[in-house]
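Everything on this sheet refers to the single structure shown next.
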Amino acid sequence: DTENGEQLYECPMCSLTCTNIQILEEHVDLHLEEHSFSEGGNIRDLELAQWLQTEEDKQQRSEEEKREREEFKKLQRQYGLDNSGGYKQQFLKNMEREVDRGRMQPFEYHKRKADMMECLAFGIDDGKTKTSGVIEALCKYYQNENKDVRHVWLSTGVDHFHSSLGDRGWGCGYRNFQMLLSSLLQNSLYNDCLRDTTLIPSIPKIQSMIEDAWREGFDPHGASHFNNRLHGSKAWIGACEIYSLLTSLRIKCQIIDFHKPTGPMGTHPRLFEWILRYYSTDNEGGAKVACTSKPPIYLQHQGHSRTVVGIEERKNKTLCLILFDPGCPSQEMQKLLKQNSDGTSLKLLRKFVGSLKEKQYQIVAIDGVLSLEEKAARCHDSQVLTSEKIP
């Protein structure tokens, strides 16, 4: 009460005093409306924040899925599984580009196209990227080399094949198979296995041969990776496809997996030691140069493959592989054929332990002929194909 006897009413929420109960009620109602609005606002803010977060998550997922699709397409293109055509299509496209740039005359285009179509029809390689006689030239060189090499072991009769307009960027595995085959065709031990393969097959023919091996039952897991189809694609192949193809021809071979470095600085000395044993077993003796009957070795690492055609043992006890690389053009390989070679061209072929520093290597090594029963057993085993790992 006031001094005048008036009744005063105090707001329970802000201590404001009113002289009229109705005024106080209206005042308190305003407080309650304000509180309700504030709570509702908080609820709406929370809903808005949740909605914004949901939209942001959707956007991130969409962008991630887009990146994954683009990465998958990139991998498909990289490994030739993007349905963009195969050897023939790439050969024609690259020749058309050469004509457009003035580096090839139209008459040459039509001649080379006709030659290519004929070779593809017969399933044989045109031989335009082949260099023969390098092993024989190496034998002569090593006979006269007295400075660094104590012993050298070589496979006999290996022709070099390099990538052409039709398989540039993806054909190394096929070209290495051609190199292996060129040596096997000159080794009478494999005559019976190769009686249906007397000439070096073209890359599309090799693709069909691998598909035939898959149809026989070899490596179904690997076949499924390619959807059971190689012909007409630019698909990369590796050690498993080479193994399946050779085994289907009754050629005895094995995959050996050097799955981690065995030396300092990421090197693989055990790979070199294994290859030395492969060549030197049954070929030991006093001769400095041993032209062995051992077939070449297929050597695979991530993204590329090459063919081992021999190994040097140096006077300082180090080892050096001799490799044919399908990426090396014929013009460079032919330098090795010169009688007065001083050895500088051998830099193309030599690989010391410090030169091979990929994380993993696989080799396919050939060692004889399979009986029909052994071939059938290996076909069965290849359905759970595993490679021997060197610890």
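The values are calculated or read from the model by the stated rules, or taken from the named source; none is laboratory data. If you're wondering where the values come from, they're calculated on a predicted model, not measured in any experiment. Quick reminder, even Gly has a Cβ in these numbers, built from the backbone with ideal geometry, and neighbours come from all protein chains shown. Just the protein is used for accessible areas: all its heavy atoms, side chains included, with ligands, DNA and RNA removed. Shrake-Rupley method; radii C 1.70, N 1.55, O 1.52, S 1.80 Å.
Key figures
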{"quantity": "Selected residue (only one of 345, 305 is of a type outside the set (Asp, Glu), in contact with a Gly (Cβ under 7 Å, 6 or more places away or on another chain) and outside any loop (DSSP other than H, G, I, E, B))", "calculated": "305"}
{"quantity": "First in the range 137-154 and farther than 21 Å from residue 272 by Cβ, second anywhere and in a strand (DSSP E or B), Cβ under 8 Å, 6 or more apart", "calculated": "139/154; 139/289; 139/291; 143/289"}
{"quantity": "Neighbours by Cβ (under 7 Å, 6+ apart or cross-chain): first from the range 156-167, closer than 18 Å to residue 140 by Cα; second small (Gly, Ala, Ser)", "calculated": "156/183; 156/293; 157/182; 157/183; 158/182; 158/183; 159/132; 159/182"}
{"quantity": "Selected residue (only one of 160, 231 is within 17 Å of residue 324 (Cβ to Cβ), touching a helix residue (DSSP H, G or I) at 6+ places or on another chain (Cβ under 6 Å) and either open to solvent by 10 Å² or more (accessible area, probe 1.4 Å) or modelled with pLDDT of 95 or more (or both))", "calculated": "160"}
{"quantity": "Residue pairs meeting the criteria (Cβ under 6 Å; at least 6 apart or on separate chains; first on the phi < 0 side of the Ramachandran plot and in a loop (DSSP other than H, G, I, E, B), in the range 13-28; second of a type outside the set (S, T, N, Q) and exposed (fewer than 13 other Cβ atoms within 10 Å of the Cβ))", "calculated": "19/6"}
{"quantity": "Residue in the range 274-293 that is closer than 20 Å to residue 178 by Cβ, modelled with pLDDT under 95 and out of contact with any Gly (no Cβ under 6 Å at 6 or more places or on another chain) present", "calculated": "yes"}
{"quantity": "Long-range neighbours under 9 Å by Cβ, at least six apart or interchain, first residue open to solvent by 50 Å² or more (accessible area, probe 1.4 Å) within the range 100-125, second small (Gly, Ala, Ser)", "calculated": "122/202; 124/202"}
{"quantity": "Extreme residue, surrounded by the most Cβ atoms within 10 Å (Cβ to Cβ), among residues of the range 190-222 that are touching a Pro at 6+ places or on another chain (Cβ under 9 Å) and of a type outside the set (Phe, Trp, Tyr)", "calculated": "209"}
{"quantity": "Search result, residues across the range 126-157 that are open to solvent by less than 30 Å² (accessible area, probe 1.4 Å) and polar (S, T, N, Q)", "calculated": "129, 131, 155"}
{"quantity": "Positions within the range 288-302 being assigned to a loop (DSSP other than H, G, I, E, B) and either free of Cβ contacts under 8 Å to residues at least 12 places away in the same chain or open to solvent by less than 40 Å² (accessible area, probe 1.4 Å) (or both), in sequence order", "calculated": "292, 294, 295, 296"}
{"quantity": "Residue list for the range 165-182, filter: open to solvent by 10 Å² or more (accessible area, probe 1.4 Å) and either aliphatic (A, V, I, L, M) or within 26 Å of residue 249 (Cα to Cα) (or both)", "calculated": "165, 170, 172"}
{"quantity": "Residue identified as at pLDDT below 95 and out of contact with any helix residue (DSSP H, G or I) (no Cβ under 9 Å at 6 or more places or on another chain) among 195, 168", "calculated": "195"}
{"quantity": "Residue among 222, 217 that alone is within 24 Å of residue 359 (Cβ to Cβ) and touching a Cys at 6+ places or on another chain (Cβ under 7 Å)", "calculated": "222"}
